[in-house]
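The values are calculated or read from the model by the stated rules, or taken from the named source; none is laboratory data. Computed from a predicted model, the values in this text were never measured in an experiment. Positions of Cβ are generated from backbone atoms using ideal geometry, with glycine treated the same way; all protein chains shown enter the neighbour counts.
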Amino acid sequence: MILPMKINMKRSFIHALTAVLLLMLCTRQSQAQANAGAAAPDFTVQALDGKTVTLSDFKGKYVLIDFWGSWCGPCRKSSPMMVELYNKLKAKKADMEFISIAVNERNDEVWKKAIKDDKLTWIQLKIDRNISSKYSIVGVPTCILVSPEGKILYREHPVSLIPKVKKMFGIE
């Protein structure tokens, strides 16, 4: 009786290990699709102001996509830096769009209040898991800089991305 139990445990272990390895492979492929050099996955979402936003409509411009949450302390702490960057790029008339995408928001009023309090005046989207999975978002804040050709240039925390964007556009 002990021998068949050991065989079943071994078989169960092998099945579990196979499932974990397949999951890791799929995750790596998904992340590779949303990393630097890859085409930015397109999406169409209704913005907070009611307008429909499609990423590919911004082809020809740089697009900074900021995945964040009103519930996320580090996201909220990076908001003033994002606002400063946005204002400097706007003053310079840089060919750049900002899109903030709220992740895992459970309360629209809290989300809207955070947008107002943090002075996030650019495009605001609230998404479902479909977009965050296309971009392999596992944590926030995550910023993605998309080139005018629609390729992902950078995928980083805002604190490390903002200086790179400033350098690209010659602003301090």
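The set of residues in the range 139-152 being part of a loop (DSSP other than H, G, I, E, B) and either under 9 Å from the mean Cα position of the chain (by Cα) or of a type in the set (K, R) (or both) consists of G139, V140, P141. Within the option set K112, K77, K116, K93, being basic (K, R) and closer than 20 Å to F58 by Cβ holds for one residue only, K93. When the range 153-172 is limited to residues that are within 25 Å of A91 (Cβ to Cβ) and assigned to a strand (DSSP E or B), the one that is nearest to the chain's Cα centre (by Cα) turns out to be E156.
Only a single criterion out of (1) under 23 Å from S56 (Cα atoms); (2) at pLDDT 95 or above is not satisfied by V83, namely (1). Give the residue that is modelled with the lowest pLDDT, with candidates limited to residues of the range 133-171 that are basic (K, R) and under 21 Å from G69 (Cβ atoms). The residue in question is K134.
Pairs are defined by a Cβ separation below 7 Å, a sequence spacing of at least 6 or placement on different chains, a first member in the range 124-138 that is over 15 Å from Q46 (Cα atoms), and a second member that is surrounded by fewer than 19 Cβ atoms within 10 Å (Cβ to Cβ) and of a type in the set (S, T, Y); the pairs so defined are S136/S30. Here M5 qualifies as in a helix (DSSP H, G or I), surrounded by fewer than 18 Cβ atoms within 10 Å (Cβ to Cβ) and at pLDDT below 95. When residues in the range 101-129 are screened for being in contact with a Leu (Cβ under 9 Å, 6 or more places away or on another chain) and basic (K, R), 2 of them pass. Just to be sure, is A91 free of Cβ contacts under 8 Å to residues at least 24 places away in the same chain and either surrounded by fewer than 21 Cβ atoms within 10 Å (Cβ to Cβ) or within 18 Å of K151 (Cβ to Cβ) (or both)? When the stated conditions are applied, A91 passes them.
Does E156 count as under 24 Å from G37 (Cα atoms), without any contact (Cβ under 8 Å) to a residue 60 or more places away in the chain and not polar (S, T, N, Q)? Here the answer is yes, as E156 does meet what is asked. Here is the figure for the range 95-139: residues that are small (G, A, S) and under 20 Å from T52 (Cβ atoms) total 3.
In the range 47-138, counting only strands (runs of 3 or more DSSP E) that sit wholly within it, the ones holding 3 or more residues that are more than 18 Å from P163 (Cα to Cα) span 52-54, 96-102, 123-126. Residue count for the range 96-118 under the criterion of being surrounded by 13 or more Cβ atoms within 10 Å (Cβ to Cβ), charged (D, E, K, R) and either at positive phi or at pLDDT below 95 (or both): the result is 1.
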